[in-house]
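Structure first, then comments.
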Amino acid sequence: MNNIAIFASGTGSNFLAIHQAIKEKTLNASISLFVSDKPNSVSAKMALELGLNVYIFNSKSYKNKKEYEVEILQKLRQENITLIVLAGYMKIIGKTILDEYERRIINIHPSLLPLYKGKDAIAQAYNDNALKTGVTIHYVDKGIDTGDIISQEEIKIDPEYSLSDIEREIHKVEHSLYSKTIQKLS
Ligand code: GRF
């Protein structure tokens, strides 16, 4: 059973889906830490409301990434975190955390990697008139969206789909695939 830290900066729908799967016992894990760099994000507010152990930091208050990651690492150690789950965390994980958590950090990306890496992956597929896209869960390494792939699920893009139709379909897949994948890593 994994003892998870969720890292999120955004709306937190993936975080919530994981939390829900644990509650419904389809995922055997616990969330012992929630980390965010955005105190006003929906995800951080949700984590507080859910009564989780929340650690919020402001990257601008530190000299560099190493300084704030050393603090995060202390929290991860304190809580005996076995798996870091990035769920819309908008910072790149640096060497400090990567070195200690090699192959124990996973990320969800809204495309079939290696296609459409980086930001706005859903819009990239849409603007490309792609006929399919999907969701990838991968280990985090020092590159951006380059780590070994753990699981993928494809979505067909109906030519009539608007960008928000694709977003809806992507999120539907994300919300089930992330928990299933974490369960397999237990
Ligand atoms: C998801 O689309 C995920 O693939 C990407 O960031 C988004 C986070 O959404 N990495 P949410 O904050 O979980 O709703």
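In plain terms, the C-alpha convex hull of the chain casts an average shadow of 10.2 nm² when viewed from every direction.
Couplings 3J(HN,Hα) of segment 67-79, computed from phi: 4, 7, 6, 4, 5, 4, 4, 4, 5, 4, 5, 3, 8 Hz, in residue order, whole Hz [Karplus 6.51 cos²θ - 1.76 cosθ + 1.60, θ = phi - 60°; x for Gly and Pro]. Report the FRET efficiency, 1/(1 + (r/R0)^6), for residue 164 and residue 131, where r is their Cβ-Cβ distance and R0 is 30 Å, rounded to 0.05. Working from the Cβ atoms, E equals 0.95.
Solvent-accessible area of segment 133-182 (1.4 angstrom probe, protein heavy atoms only): carbon and sulfur portion equals 51 percent. Restriction of the GluC sites (Glu not before Pro) in segment 118-183 to DSSP coil positions whose beta-carbon has at most 14 other beta-carbons within 10 angstrom yields 160.
Taking 0.36 nm per residue of sequence separation and removing the Cα-Cα distance, the residue 151/residue 102 pair yields an extension gain of 15.9 nm.
Computed from backbone phi, the HN-Hα couplings of segment 45-60 come to 5, 5, 4, 5, 4, 7, x, 6, 6, 10, 10, 10, 10, 10, 4, 6 Hz, rounded to whole numbers (Karplus: 6.51 cos²θ - 1.76 cosθ + 1.60, θ = phi - 60°; Gly and Pro given as x).
With θ taken as phi - 60° and the Karplus curve 6.51 cos²θ - 1.76 cosθ + 1.60 applied, the whole-hertz 3J(HN,Hα) list for segment 151-156 is 8, 9, 9, 8, 10, 7 Hz, x standing for glycine and proline.
Could you give the alpha-carbon Rg of segment 1-81 over 2.2 N^0.38 Å, rounded to two decimals?
So segment 1-81 has a normalised radius of gyration of 1.10.
Taking amide H as placed 1.01 Å from N in the peptide plane, the amide H of residue 35 sits under 5 Å from that of 6, 7, 8, 55, each at least 5 places away or on another chain.
For the pair residue 172 and residue 58, the difference between a 0.36 nm per residue extended length and the Cα-Cα distance amounts to 37.9 nm. If the chain linking residue 120 and residue 40 were pulled fully straight, counting 0.36 nm for each residue of separation and taking away their Cα-Cα distance, it would gain 26.6 nm. In loop segments of segment 101-181 as defined by DSSP, the chymotrypsin sites (Phe, Trp or Tyr not before Pro) with at most 16 further C-beta atoms inside 10 Å of their C-beta are 161. Here's how it looks for residue 90: its modeled amide H is under 5 Å from those of 9, which are all 5 or more places away or on a different chain.
Pairs spanning more than 32 Å between alpha-carbon atoms, out of 95/132; 45/95; 45/132: 95/132; 45/132.
The values are calculated or read from the model by the stated rules, or taken from the named source; none is laboratory data. Note that the structure is a prediction, hence the values are computed from the model and not measured. Counting neighbours? That spans all protein chains shown, and the Cβs are built from the backbone with ideal geometry, glycine included. Only protein heavy atoms, including side chains, enter the accessible area calculation; ligands, DNA and RNA are left aside. Shrake-Rupley method; radii C 1.70, N 1.55, O 1.52, S 1.80 Å.
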